[in-house]
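Enquirer: Okay, handing you the structure first.
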Amino acid sequence: LINEKKLEKDFILAGHIDKQYIPAFYQSLAVYIHAAIYEPFGFVIPEAIFNKVSLITTSTGASRDALTHMESAFFITEKNAAELADAIEFMISNDTRKITENALAKAKEMYAIEKMWQGYKSVYLNE
């Protein structure tokens with residue numbers, strides 16, 4: 001569809017990216033789109049947030065647990081191309097720094113290494 005609409009210069013379908021290039025990849029983005037239908041816990045959501053990239057996502061997994069529509073991310077309905085197009089238009093046409101800052105604050109609260117470690121310990125060691 002991207003080729004059909006001649007939008008190749010506007011999209012990156014990156015595939016696998018070596019770990020060393022991940023920060024540079026995120027810094028090259030105006031917005032990160034995560035249109036997953038199912039995502040139990042994806043590291044890409046926190047990665048995008050910690051790299052201060054505005055986020056468009058479906059309400060799945062880590063997104064649903066941590067983020068709020070128009071406060072820390074732009075939520076879209078899965079498999080809804082019109083909503084995705086509207087979200088992209090909104091994110092590239094508006095100042096989304098506050099949304100991105102809110103997402104970063106929430107990620108620091110929820111995904112700090114100490115908090116994650118305590119969560120793992122409570123699950124696996126019954127602490």
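Enquirer: May I ask you to give the solvent-accessible area per residue for the chain, in square angstrom, as obtained with a 1.4 angstrom probe?
Expert: On the way: 8670 Å² over 127 residues.
Ligands and nucleic acids excluded, the result is 68 Å² per residue.
Enquirer: Hey, can you rank 85-96, 44-55, 101-112, 116-127 by average C-beta count inside 10 Å, highest first?
Expert: Result, highest mean first: 44-55, 101-112, 85-96, 116-127.
Enquirer: Let me know the charge dipole size of the range 1-118 about its Cα centre in debye, to the nearest 20, where only the beta-carbon of Lys, Arg (+1) and Asp, Glu (-1) is charged. Intermediate values should be presented prior to the final figure.
Expert: Working: 12 positive and 16 negative charges, 39 e Å.
Computed about the Cα centre, the dipole is about 180 debye.
Enquirer: How about residue 79: which aspartates and glutamates have a C-alpha closer than 18 Å to its C-alpha, ignoring those fewer than 8 places off in the same chain?
Expert: Answer for residue 79, where 18 Å is the Cα cut-off: 39, 89, listed by chain and number.
Enquirer: List, in order, the whole-Hz ³J(HN,Hα) value for each residue of the range 56-68 obtained from phi through the Karplus relation with A = 6.51, B = -1.76, C = 1.60 and θ = phi - 60°; use x for Gly and Pro.
Expert: In residue order, the calculated couplings are 10, 8, 7, 8, 10, x, 4, 4, 4, 6, 10, 10, 10 Hz.
Enquirer: Between the alpha-carbon centers of the range 55-77 and the range 6-46, tell me the distance in whole angstrom.
Expert: Each part's Cα centre sits 15 Å from the other's.
Enquirer: Using only Cα atoms, tell me the angle between helix 97-111 and the longest principal axis of the chain; keep it within 0 to 90° and round to the nearest 10.
Expert: The angle comes out at about 30 degrees.
Enquirer: Given a 1.4 angstrom probe, I'd like the percentage of the accessible area of the range 1-119 that is carbon and sulfur, rounded to a whole number.
Expert: 56 percent
Enquirer: Another question, if that's okay. List every residue whose amide H lies under 5 Å from the amide H of residue 76, counting only residues 5 or more places away in sequence or on a different chain, with H placed 1.01 Å from N in the peptide plane.
Expert: Those lying under 5 Å, H to H, from residue 76 are 57, 58, 59.
Enquirer: Got a sec to turn the phi values of the range 121-127 into Karplus ³J(HN,Hα) couplings, 6.51 cos²θ - 1.76 cosθ + 1.60 with θ = phi - 60°, whole Hz, x for Gly and Pro?
Expert: So the J values, rounded to whole Hz, are 4, 5, 6, 8, 10, 6, 8.
Enquirer: Taking θ = phi - 60°, what integer Hz values does the Karplus form 6.51 cos²θ - 1.76 cosθ + 1.60 yield along the range 15-32, in sequence order, with x for Gly and Pro?
Expert: The phi angles translate into x, 6, 10, 4, 3, 5, 9, 4, x, 5, 4, 4, 5, 7, 8, 7, 7, 9 Hz.
The values are calculated or read from the model by the stated rules, or taken from the named source; none is laboratory data. Predicted model only: the values in this text are computed from it and were never measured. Don't worry about glycine lacking a Cβ; one is built from the backbone with ideal geometry, like all the others, and counts go over all protein chains shown. Note: accessible area is taken over every heavy atom of the protein model, side chains too, but ligands, DNA and RNA are not part of it. Shrake-Rupley method; radii C 1.70, N 1.55, O 1.52, S 1.80 Å.
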